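Structure first, then comments.
The values are calculated or read from the model by the stated rules, or taken from the named source; none is laboratory data. Please read all numbers here as calculations on a predicted model, not as lab measurements. Cβ: placed from backbone, ideal geometry, glycine included. Neighbour counts: every protein chain shown.
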Amino acid sequence: MKHDRRGTRTRVAQTTDGRRLVVSRVVSAPAAVVWDVLVSVDDWPEWGPSVSAVRGVEGRIEAGTQGEVRVAGVWVPFTIETCDEHRWTWRVAGVPATGHRVTPVGVDRCEVAFEVPVVASPYAAVCAVALRRIERLATSSEKN
């Protein structure tokens, strides 16, 4: 397990989708608020360094949601595979991609985590940036 100086933790763990690199951080916001940030497509470009826009979806995602994300100037299709119990997974361009989850760790604190396929481990750096952005969004006055 590795911690960076900004509070992000990286470790390899067994998830429901198999062995993954888990990049996480504890956020001082209720799990429900952080979950809202993760499932609201309007927020994705705000926290996702690789996502500049979303189309074909409005509001919140759920299992079966399909749309497109703009990544590096290209529109790429996605499908939300699972979305329940504060965890969602998706396929991007038909490929299993990062899982997203929120786990309460106190009254107004939670751990937010990305589950990255081990083969895509360099993406962990992007996830660390996203976690800091999610924390900023979740603790801003407009979300609380």
*Give the number of residues within segment 53-104 that are among the small types (Gly, Ala, Ser) and either surrounded by 16 or more Cβ atoms within 10 Å (Cβ to Cβ) or touching a Gly at 6+ places or on another chain (Cβ under 7 Å) (or both).*
4
*Select, from 119, 95, 107, 74, the only residue that is over 28 Å from residue 7 (Cα atoms) and at pLDDT below 95.*
95
_Going by what's in this entry, would residue 57 be described as in contact with a helix residue (DSSP H, G or I) (Cβ under 9 Å, 6 or more places away or on another chain), in a loop (DSSP other than H, G, I, E, B) and farther than 19 Å from residue 8 by Cα?_
no
*Enumeration of residues in segment 74-86 that are touching a residue at least 12 places away in the same chain (Cβ under 8 Å) and within 13 Å of residue 53 (Cα to Cα)*: 75, 76, 77, 78
*asked:* Among the residues that make up segment 129-141, is at least one of them over 19 Å from residue 33 (Cβ atoms), part of a helix (DSSP H, G or I), of a type outside the set (S, T, N, Q) and free of Cβ contacts under 8 Å to residues at least 40 places away in the same chain?
replied: no
*Within the bounds of segment 87-94, is there any residue that is touching a strand residue (DSSP E or B) at 6+ places or on another chain (Cβ under 6 Å), in a loop (DSSP other than H, G, I, E, B) and touching a residue at least 40 places away in the same chain (Cβ under 8 Å)?*
no
*If we scan segment 49-59, do we find a residue that is touching a residue at least 24 places away in the same chain (Cβ under 8 Å) and either among the hydroxyl-bearing types (Ser, Thr, Tyr) or under 15 Å from residue 114 (Cα atoms) (or both)?*
yes
*For residue 58, which of the numbered conditions (1) under 11 Å from the mean Cα position of the chain (by Cα); (2) more than 20 Å from residue 132 (Cβ to Cβ) fails to hold?*
(1)
_Residue match in segment 118-125 (condition: among the β-branched types (Val, Ile, Thr), crowded, with 19+ Cβ neighbours inside 10 Å and touching a residue at least 24 places away in the same chain (Cβ under 8 Å))_ = no
_For the list (1) part of a helix (DSSP H, G or I); (2) within 20 Å of residue 17 (Cβ to Cβ), I need the number of the one condition that residue 37 fails._
(2)
*Among the listed residues 18, 48, 99, which satisfies the condition of being within 19 Å of residue 127 (Cβ to Cβ) and touching a helix residue (DSSP H, G or I) at 6+ places or on another chain (Cβ under 7 Å)?*
48
